[in-house]
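The values are calculated or read from the model by the stated rules, or taken from the named source; none is laboratory data. Everything numeric in this text was worked out from a predicted model, so none of it was measured. Cβ: placed from backbone, ideal geometry, glycine included. Neighbour counts: every protein chain shown.
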Amino acid sequence: MKEVSRRIYELGIVPVVKLERAQDALPLGEALCRGGLPVAEVTFRAAGAEESIRTLSQSLPELLVGAGTVHNVGQAEAALEAGAKFIVTPGFNEKVVRLCLDREVPVFPGCSGPTDLERALEFGLSEVKFFPAEASGGLKTLKSLFAPYGGMRFMPTGGVSTENLNAYLSCPQILAVGGSWMVKDSLIEAGDFAEVERLTREAVETMHGFTLRHVGINCQNEAEALETAGRFAEAFGWPVRDAGGGVFAGAAVEAVKQPFLGRLGHLAVAANNVDRAKAYLAAKGFTFREETAQYDGAGRLRLIYLEQELGGFAVHLTQK
């Protein structure tokens, strides 16, 4: 159960998919994977749900497939038999929750306020769907719930889009967000899976927000580092700042006081969430120097170097 939750957290966005025709399942799933988001919550709002879950589970093992809009035990059992790895309900359905807990399947019941959350706690749940998110007050309401329910993590769904997803994901108590803007009914009906892929990739890139923070230049000693930073300051008027291991010229250039990782130096790439960024790059085949990992006081990953050099530079992810 924890493995599924961890994967959902790393992916950050759960596409909520309505599939009337089971034959659309495979091209839809392939588009999500190509777009960098190998997860789908297939809702029982459409006739093709059960067969779509079966198709996706059997044909795309790299895709994390769950069932959504599950209203009763019968639907939950059908979804699990078809291969669903998690269950999502629009409201708190006690029978469905009991079934999932008995079978050790992750379940995310829909909750919109303290009464629902109290019931979730009674069942030992620590992760729930917050639905309908925007109609229930969005982030403002969620923040009012964080204090009395500090051990709970939420998956807001309903009204989430590229415009507000990072506002939600910036909160530590947000597990992930759910949304359907990249898998619109009209796109699926038209068979426009290229557009699904584009919107998915756009959502993933927006979530990560990768930006170049600074360039590190390897120097042989402190004197050379001071001279290098000084030359940049002379040319561009950037202030010089000694940061211990390196000397910065402005925010964009760091002259490292002794040779470090990277043939030429290093690149610092900032991301909105280093944990999610690491998982995203790992899925692309990149590996990491675990000994370089740095964490904040809450145990969240803040910095880590890639094993691979790019263009002669070592690369490390850093938290924005």
Can you spot a residue in segment 294-301 that is surrounded by 12 or more Cβ atoms within 10 Å (Cβ to Cβ) and more than 21 Å from the chain's Cα centre (by Cα)? no
Test of understanding: among Tyr149, Tyr168, which residue is assigned to a loop (DSSP other than H, G, I, E, B) and either farther than 30 Å from Pro259 by Cβ or modelled with pLDDT of 95 or more (or both)? Tyr149
What do you reckon, is Met182 surrounded by 17 or more Cβ atoms within 10 Å (Cβ to Cβ), touching a residue at least 40 places away in the same chain (Cβ under 8 Å), in a loop (DSSP other than H, G, I, E, B) and outside the structural domain of Ala271 (by TED's automatic domain parsing)? yes
Mind counting the residues in segment 1-30 that are in a helix (DSSP H, G or I) and over 16 Å from Pro172 (Cα atoms)? 12
Filtering segment 199-254 down to residues that are of a type in the set (Val, Ile, Thr) and outside any helix (DSSP H, G or I) yields Thr211, Val215, Ile217, Val240, Val247, Val253
Just to be sure before I move on: is Gly66 in a strand (DSSP E or B), assigned by TED's automatic domain parsing to the domain that holds Leu199 and small (Gly, Ala, Ser) in the structure I sent? yes
